[in-house]
Every structure is written in structure tokens, then in C-alpha cells.
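I have placed the structure first, in the form of C-alpha cells, so that the comments after it can refer back to it.
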Amino acid sequence: MTSDFHRIKRLPPYVFEQVNKLKAEARARGDDIIDFGMGNPDMPTPEHIVAKLVETIRDPRTNRYSASKGIQGLRKAQAAYYARRFGVKLNPDTQVVATLGSKEGFANVAQAITAPGDVILVPNPTYPIHEFGFIMSGGVIRHLPAGTDSQFMTSLDKAMRHSVPKPSALVLNYPANPTANVASLDFYRDVVGFAKKHELLVLSDLAYAEIYFEGEPPPSILQIPGAMDIAVEFTTLSKTYAMPGWRVGFAVGNERLIHALTRVKSYLDYGAFTPIQVAAAAALNGPQDCIDDIRAIYRRRRDCLVDALTRAGWPIPSPPATMFAWAPIPDMFAHLGSLEFSKLLLEKAGVAVSPGVGFGEYGEGYVRIALVENEQRIRQAARNIRRFLSESAKTLHNVIPIASKANRSF
Ligand SMILES: Cc1ncc(COP(=O)(O)O)c(C=O)c1O
């Protein structure tokens, strides 16, 4: 049985799988499910990027194994992006590596730097690879409840003082999946000062660098003087240019960490298909107004969702960034928990969301709603939810006796 393998045993059942299974069953019955579950961008990749792929793929020389750390043109394009967007100077040969999506890069950095039993500080709730990349590498996780900047710094300090052995790395993710929390430069300055003092490495996931709606664009931790000594940062084309299936991401920053990742990757892969890398470089070097268009689509969907759900009787906070709303479960369903509530929403309203507990224990009480359906579908979902909420007395009546019956029989 695969579950007997040491690493596999450390991976808990995927919470999202339970909702996915119900979703598949409902679809097989012919139900129309409005799917806000996975953060899987649905808009087309901009035409000029696709055109570059098609042009390059016709060159027969591009069929060969590519470069594991990314072709030089792509690493240069990423360095140019950091220079113009953040004012951060990177050496494309030693401080940039292209990855097969940022998820792969993150998992392989974890593998490269973790010895069995190393303690890693990870926010909670968070995107699962932040935790499981290290768990699969034999690390031990100490969770930091995601909260305001000062709460985070307090729990960081506490974790540092009370962990044995001393934590070796800290994960950050701003704008955050799933909470949509954003970080300021002042916050990054505090973290860098703390990390340097305690000899912590920092892995910063900046996947939503370009998906923001309020205030200043999200900063990079590498803007802080000295951050390059301890930090590596991950970005992706998946969200910025609507290219999730292309699998192009980057790790940039500290040379020692980039070297470790490059070395692990050199044993594992030959890099993305060259035409994909050439088209990815065209995305970074080409016209950038497509990013504004993509951001504007998410903004319209966000506004539509918040407005429609509020009018349906489920007011939710408006996310300042990312492609997710982090929604507290309506009071009358709070006792069910996020997984049961998500199942009910699917069954009774035909709407799929991600249960907050799937992102960690501190995500309980919330669901994540991904902005991956168009405005018409969002409004339809809100109408279904309004009906579901108004029939909820009956729904709860059906749920509660089952639970109490179960209690009686044990
Ligand atoms: C915070 C965060 N990091 C990384 C990723 C993975 O992105 P990629 O497609 O580059 O692997 C995602 C995808 O949803 C994400 O939300």
C-alpha cells in the first residue's frame, strides 16, 4: 500500500478532494456547477505570447532538451522585470533561475535546503506547497497564524524563542493565498532585520505581484537592503499573463539559495520546452498592457462578487489583491465548519468553493472563493446562494438531526 511509504504517510488526505468528488458527481448527473474552487485562471493567454510560441515551435532546432535553469534570454527578461518593477538589480546568471511553475521551484528549494528535522516557520492558513514542500523534504513545520503585521511579528518572535532546534527558514506569501493579506515595505524591513539577527533564510512567494486592486503595487522583499543575503523570491507567469498551464515561474535572489536550487534541478529536469521559454521571455519583454487588462477583469469580478453576495445576504470583505475572496462562513452555518459548509453550498446552491480548513487549521471558519468565473456566472451564483440562504432553516433542520443521531449512537 502506498500509504505505508514514509513520505506519503506524512501527506494528509487532500481536503479539497472531498469537494472535488462531489463536484464531479454533480456534473456527471448533468448539474451546472459554478466553480470558484481552484485558482486556475480562465482567461486566454494574450495573443502576442501565443504567436511567439507558434513561431518558435516551427523551428526544428527547438525540439531538443532545453536548459534546466532556463535559457539565458528568459533569465535576462526576468532580471529586467525586477529592475523596472522593483528597482532590484539581479545577475541573470547567478541570481535568477526559471522553474516549471513557481510551485516546482518552491518544492525544490525546500528539498535543496532541508535536512530531516529542520524546523520551518510557515504561515497558516496558506497555499499548501508552503507547508508540504518542506514536509516532503523531512522538515518539521511550526505554524504562524496569519494575522496583522504586528501579530505576525509577535508570533514569529515567540516561535523563534520556543523552537528546538532553532528554525532554519521562514516562508512568506504576500499578497497571500488564501487570505489576500498584503505586505508593506516596512513589514519586510522588520522581517529582514529579524531574519538576519536569527540567521533565518526567507522564502517569499510573490505569485500575485501583479494582481492587486488597492494602493501601491505589492513590493518585493528584495527591495530591502540586505535581503539578498538571506532571501529568495518566487514569481510566476501563471497569474500575471494568464498562463497557468504553461508552467513558467522563477526563483530569484540569494546566490547560495539559487545555486542550491539550480543544482537540484540539474538532476531532475531539462527545463521547460524551449518554445515555451521563448514565448515567456516575449511575455516579460513585450507590451505590458495585457497585465492591466487581466487585472481589470479580476477587479470587475471582485466588485461583482462582493456586491452580489452582500445583496444575497452574505456580506464578505473585498480583497485588496489576489484572485481570491476570503469569506467568513455565514453565522448560521458557522457550527458546521468550512468543509461541511462547502459541501452544502455545492449540493444546495450548485456553487463550488474551497473550504478554509484545507489551507490549514487557522483557515477554519472561512471559505476561499476564486475569481475564475465571469460576471454573469458570479451573479447567477449569488442568486443561487440567496435562495439557499433563505431556505437555510430547512437545510439546517435536515443537517442537525443527523449529527445528533450520530452522537446518540456512540
Ligand atoms: C501563492 C501561490 N504560489 C504559487 C502558486 C503556483 O503557481 P505556479 O502556477 O507558478 O506553480 C499559486 C497558484 O495558485 C499560488 O496561489
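Looking across segment 80-129, the residues that are assigned to a helix (DSSP H, G or I), more than 18 Å from Arg256 (Cβ to Cβ), hydrophobic (A, V, I, L, M, F, W, C) and away from the ligand (no atom under 13 Å from the Cβ) come down to Ala80, Ala83, Phe86.
The residues listed here are Leu90, Leu144, Leu170, Leu121; of these, the one that is farther than 30 Å from Val367 by Cβ and hydrophobic (A, V, I, L, M, F, W, C) is Leu90. Restricting segment 36-49 to residues that are touching a residue at least 12 places away in the same chain (Cβ under 8 Å) and part of a helix (DSSP H, G or I), the residue that is surrounded by the fewest Cβ atoms within 10 Å (Cβ to Cβ) is His48. Part of a helix (DSSP H, G or I), over 27 Å from Lys196 (Cβ atoms) and of a type in the set (A, V, I, L, M) - does that describe any residue in segment 241-255? No, segment 241-255 has no match at all. Scan segment 255-273 and tell me whether some residue there is in contact with a strand residue (DSSP E or B) (Cβ under 8 Å, 6 or more places away or on another chain) and closer than 28 Å to Pro320 by Cβ. Within segment 255-273, none of the residues are in contact with a strand residue (DSSP E or B) (Cβ under 8 Å, 6 or more places away or on another chain) and closer than 28 Å to Pro320 by Cβ. Only residues that are in a helix (DSSP H, G or I) and within 19 Å of the chain's Cα centre (by Cα) were counted across segment 1-35, and they come to 5. Would you point out which residue out of Arg27, Arg64 is basic (Lys, Arg) and free of Cβ contacts under 8 Å to residues at least 60 places away in the same chain? So the residue among Arg27, Arg64 that is basic (Lys, Arg) and free of Cβ contacts under 8 Å to residues at least 60 places away in the same chain is Arg27. The selection criterion, being away from the ligand (no atom under 15 Å from the Cβ) and surrounded by fewer than 20 Cβ atoms within 10 Å (Cβ to Cβ), holds for Thr148. Confirm whether Ala327 is assigned by TED's automatic domain parsing to the domain that holds Val353 and not in a helix (DSSP H, G or I). So Ala327 fits the description; yes. Residue-level check: of (1) within 14 Å of the ligand (Cβ to nearest atom); (2) over 28 Å from Phe36 (Cβ atoms); (3) of a type outside the set (A, V, I, L, M, F, W, C), Thr240 misses just (2).
The values are calculated or read from the model by the stated rules, or taken from the named source; none is laboratory data. Because the structure is predicted, anything quoted here is derived from the model rather than measured. We place every Cβ from the backbone using ideal geometry, glycine too, and count neighbours over all the protein chains shown.
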